[in-house]
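One structure is given here, and the rest of the page talks about it.
Since every read-out is calculated from the coordinates, none of them should be taken as a lab result. Bear in mind the structure is a predicted one, so any value in this text is a computation, not a measurement. Note that we place each Cβ from the backbone using ideal geometry, even for glycine, and neighbour counts take in every protein chain shown.
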């Protein structure tokens, strides 16, 4: 493998790490919610604080997915799905703060499903060793 091929692989590794962090934090949110619902009222503050962490992680994941798209010639849909996750988590926070659990809990399941799908894809997708050559306006590979 050439040095150029290796230079385009690092975004994929970063995306995998960040996607796993998003999924693990989503699981932590569910655990905190479950423990709060069973009576440990002090965990509501942890759940609310961790929502901010999850929100930040989804923004980072979106940025990394865009780097994968741009630098490593990856597909666009993971960046779009990550952006959707940003919106879902923001809506989730709003519903939680408003105590609208009828929407908050199902939306949490959607966040978990989307995060799981992104992790699955990140670990099963096999990027090419080097990105395809970029063609100039004259049809010649650069």
Report task. Would you mind ranking 87, 119, 111 by Cβ crowding within 10 Å, fewest neighbours first? Result -> 87, 119, 111
Report summary line: By the Cα gyration tensor axes a ≥ b ≥ c (a/c under 1.5 gives rounded; else a/b larger than b/c gives prolate, otherwise oblate), the shape of the stretch 7-124 is prolate
Query raised in the report: Which order do 90, 82 fall in if you start with the one that has the fewest other Cβ atoms within 10 Å?
Result: 90, 82
